[in-house]
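Below: the structure, in structure tokens.
The values are calculated or read from the model by the stated rules, or taken from the named source; none is laboratory data. Everything quoted here is computed from the prediction, not taken from an experiment. Don't worry about glycine lacking a Cβ; one is built from the backbone with ideal geometry, like all the others, and counts go over all protein chains shown.
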Amino acid sequence: MNTELEQVVTEVGKVVKGKDRVIRKVLAAVLAGGHVLLEDIPGVGKTTLAMALGRSMELEYRRMQFTPDVLPSDIAGFTMYNSVTREFEYKPGAVFCNLFLADELNRTSSKTQSALLEVMEEGRVTVDGVTHPLPDPFTVIATENPFGSSGTQRLPQSQLDRFLICLNMGYPSHDAAIDILKNSARTGLEQVQRVLTVERLMELRRQAETLHVEDNIYDYLVRLTEATRQDPRIALGVSPRGGIALLKMAKATALMRGGEYVVPEDVLAVIDDVWRHRIYLNPRARAEGMNVSGIIMQITERIHAV
């Protein structure tokens, strides 16, 4: 694996025990220039992971706790009249940073969630007809409690599609849980050291973006995408945006392992994380107890790179 990126994983691992696989995938998403949705129950380290990642890469990060009373202007900013200068001035919102942590995104209103759509897709906000670019790099890491928890609501498909990957943290292993208890008195973020500068991160992003991809890999990606649209169990297959997302994540994964080009294993390593939240099963498939991850696995077992 790339030594610098492995150091990032090590630093974040100081405060997020036993979750190196998840850390690597979140780091790959940042390298790919995408956004991350962490879906799991409270208390498993979602917020700590995001904050530690920002600290290890010298990223300015801000955290917003999403509640029903959070307004779109809290995110995007607002204009107000300055009685001294007699002019309207723009006051930036919380998203003006490199890493924006949207904590418990599915607890806020749909109107407030929609304020993030332009932010995540375009890297800018428009307030009162004036567009304001966000800092570069810019990444959203959102946490989401399982639907059905008190005060939660489903994220709309348009919102979900903006996330490059969706991950579940899961409970720590037995040994990791023991380690957490032993070190509970010194698990502060001050342990996490800076490993990458912003300039170096941007350089690594450019390397990932320009990584070589053979024509057979492009063909492989398209056949996988088409299979989700043709499967009778799937009501909503993967969009072209979903295909691009898989390519970006495969490139970042290849860079992290130190590769100079993308191989099918890079695609298979991330396909479930990239597509699981983009695919909807039809009512019959859901009634029969099928799940999206299982169907994705069946598709990858049936379709191979040539």
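Yes/no per residue for (1) aromatic (Phe, Trp, Tyr); (2) at pLDDT below 90:
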site: CYS97; (1), (2): no, no
site: PHE100; (1), (2): yes, no
site: GLU118; (1), (2): no, yes
site: GLY129; (1), (2): no, yes
site: PRO135; (1), (2): no, no
site: ALA142; (1), (2): no, no
site: ASN145; (1), (2): no, yes
Report task. Filter the range 10-69 for residues that are part of a loop (DSSP other than H, G, I, E, B) and within 23 Å of LEU117 (Cβ to Cβ) and give the result. Result -> ALA32, GLY33, GLY34, HIS35, LEU59, GLU60, PHE66, THR67, PRO68, ASP69
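For the range 218-258: of the residues being in a helix (DSSP H, G or I) and among the hydroxyl-bearing types (Ser, Thr, Tyr), which is surrounded by the most Cβ atoms within 10 Å (Cβ to Cβ)? Don't jump to the end; show me each part of the working.
First, pick out the residues of the range 218-258 that are in a helix (DSSP H, G or I): 218-230, 240-256.
If we keep only those that are among the hydroxyl-bearing types (Ser, Thr, Tyr) as well, we get 218, 220, 225, 228, 253.
On the way: TYR218: 13, TYR220: 20, THR225: 19, THR228: 22, THR253: 26.
If we take residues in the range 218-258 being in a helix (DSSP H, G or I) and among the hydroxyl-bearing types (Ser, Thr, Tyr), then THR253 is surrounded by the most Cβ atoms within 10 Å (Cβ to Cβ).
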Requested in this report: Determine which member of the set SER110, SER83, SER114 is in the same structural domain as VAL130 (by TED's automatic domain parsing), loosely packed, with under 13 Cβ neighbours inside 10 Å and under 23 Å from the mean Cα position of the chain (by Cα).
Outcome: SER110
Query - Condition check for LEU37: in contact with a His (Cβ under 8 Å, 6 or more places away or on another chain), of a type in the set (A, V, I, L, M) and either within 23 Å of HIS277 (Cα to Cα) or surrounded by fewer than 18 Cβ atoms within 10 Å (Cβ to Cβ) (or both) - result: yes
Query - Output for the range 40-54, where each listed residue is closer than 20 Å to LYS248 by Cβ and touching a strand residue (DSSP E or B) at 6+ places or on another chain (Cβ under 6 Å) - result: ALA50
Query raised in the report: Do the conditions hold for ASN282, that is, is it more than 23 Å from the chain's Cα centre (by Cα) and outside the structural domain of VAL26 (by TED's automatic domain parsing)?
Result: yes
